[in-house]
Amino acid sequence: MERDKELKELEQEVFRSYFKDGLWDIYGALILLGFGLTIVISWDYLILVFATLAVILLLFRRRIVVPRLGRVKFSSERQTKTKRSVLIAMVILTFTALLGVVFFVLFSTDSMPRWLDIWMGDHFLAAFGGMLALLVAVAAYIVGVWRYYGYAALTFIAYVLASILRPNDIEAIPILIAGSIILISGAVILTRFLRKYPLPPQETDGS
Amino acid sequence: MVAKNIGEDKEAKSVASVDRIIHEPARFNIMAYLSVIQSADFTFLQTQTGLTWGNLSSHINKLETAGYVVVEKDFVGKKPHTMLQLTDKGRTAFSDYRKKMRKALNTLPLK
């Protein structure tokens with residue numbers, strides 16, 4: 001059993017090594033900053049920005065991370081575990097989206113119960129932050145990176161503060177601060193990663 | 001006293017019978033990493049083990065000769081690319097090595 005535990009820890013360490021580049025941190029930070037900016041400038045096409053950022057991130061990872069860390073195929077057990085965790089995340093995401101649709105329909109048809117209308121008016125940001133933090137926590141669980149739990153807590157705290165500061169019209173500030181903290185953290189991790197793993201020499205075909 | 005000597009003899013034999021190919025620290029490291037994944041390339045093993053390109057190549061050659069590792073060469077785009085994988089023989093040998101070493105170390109007194 002102890003033998004299995006040691007190998008399991010080694011496998012987890014290898015899996016985690018693929019998240020020490022800081023790019024996911026930067027992506028998460030940009031999403032949070034985007035949400036904060038939406039409050040300030042109320043821009044409707046933010047989702048397109050997120051999609052573009054995601055594509056850029058994936059391309060960047062392929063060009064920056066893979067040549068430095070190398071390619072690895074994880075065991076079928078790990079692949080199954082990752083698929084299962086992603087499925088759980090997708091269920092939570094779908095549930096959140098459905099909840100949003102339900103609220104939108106209730107709100108737009110004026111059929112929202114009065115108590116819920118009042119509660120949502122007061123705590124909408126905190127509830128949204130809670131959902132967002134839950135998604136980040138699920139991501140932290142999937143990849144086993146502890147700092148992501150910290151980001152989840154930071155996101156939740158920022159949105160609770162935003163909810164409290166909303167009457168003063170400065171609700172964007174804590175969200176922008178949280179996004180900036182995560183962005184700086186990601187940038188520091190990326191810089192360290194690039195310094196620690198310079199590009200290795202190219203393989204030759206031996207001819 | 002005689003019984004103790006016989007016990008020590010057994011331990012010594014147990015340690016002496018471990019696989020010398022895996023016993024070398026760098027190769028043990030390579031085998032350990034390959035045992036927890038399906039396959040990986042040279043760069044991955046280099047970053048994980050901290051070995052130089054030449055050193056890693058030399059150890060991989062020894063493991064390949066022993067039949068513990070299979071080396072597959074292909075191309076990613078136009079660049080040559082080498083993927084490494086433990087063979088069944090390699091997995092069994094690594095498992096046996098660990099069992100023998102654990103047994104030998106567990107029977108040694110702490111002081």
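Yes/no per residue for (1) under 30 Å from B:F42 (Cα atoms); (2) of a type in the set (G, A, S):
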{"residue": "A:F104", "(1), (2)": "no, no"}
{"residue": "A:F107", "(1), (2)": "no, no"}
{"residue": "A:A152", "(1), (2)": "no, yes"}
{"residue": "A:S163", "(1), (2)": "no, yes"}
{"residue": "A:V188", "(1), (2)": "yes, no"}
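When the residues of the range A:16-56 are filtered to those that are of a type in the set (G, A, S) and in a loop (DSSP other than H, G, I, E, B), which remaining residue is surrounded by the most Cβ atoms within 10 Å (Cβ to Cβ)? Explain how you work it out, then say what you get.
Start the filter on the range A:16-56 by keeping residues that are of a type in the set (G, A, S), which leaves A:17, A:22, A:28-29, A:34, A:36, A:42, A:51, A:54.
Checking which are in a loop (DSSP other than H, G, I, E, B) leaves us with A:22, A:42.
On the way: A:G22: 22, A:S42: 8.
The residue in question is A:G22.
Is there a residue in the range A:29-52 that is under 30 Å from A:P200 (Cβ atoms), free of Cβ contacts under 8 Å to residues at least 60 places away in the same chain and within 21 Å of the chain's Cα centre (by Cα)?
No, that holds for no residue.
Scanning the range A:104-135 for residues that are hydrophobic (A, V, I, L, M, F, W, C) and closer than 21 Å to A:M90 by Cβ yields A:F104, A:A127, A:F128, A:M131, A:L132, A:A133, A:L134, A:L135.
When you scan the range B:64-86, do you find a residue that is in a helix (DSSP H, G or I) and either on the phi > 0 side of the Ramachandran plot or surrounded by 13 or more Cβ atoms within 10 Å (Cβ to Cβ) (or both), even just one? Walk me through how you get there before you give the answer.
So the first thing to find is which residues in the range B:64-86 are in a helix (DSSP H, G or I), and the list is B:64-65.
Checking the rest, the ones that are also either on the phi > 0 side of the Ramachandran plot or surrounded by 13 or more Cβ atoms within 10 Å (Cβ to Cβ) (or both) come to B:64.
Scanning the range B:64-86 turns up at least one residue that is in a helix (DSSP H, G or I) and either on the phi > 0 side of the Ramachandran plot or surrounded by 13 or more Cβ atoms within 10 Å (Cβ to Cβ) (or both).
Taken over the range B:37-73, the criterion of being more than 10 Å from every other protein chain (Cβ to nearest Cβ), in contact (Cβ under 8 Å) with a residue 24 or more places away in the chain, touching a Lys or Arg at 6+ places or on another chain (Cβ under 7 Å) and not charged (D, E, K, R) is satisfied by B:H59, B:L63, B:Y68. Within the range B:76-96, residues that are at the interface with chain A (Cβ under 9 Å from one of its Cβ atoms) sit with their Cβ atoms under 8 Å from residues that are assigned to a helix (DSSP H, G or I), at 6+ positions apart or across chains, in these pairs: B:T82/B:F42; B:Q85/B:L34.
Laboratory data are not the source of any read-out in this text; all were calculated from the coordinates shown. Computed from a prediction, not measured in an experiment: that's the story for all the values here. Heads up, the Cβs are rebuilt from the backbone with ideal geometry, glycines too, and the neighbour counts pull from every protein chain shown.
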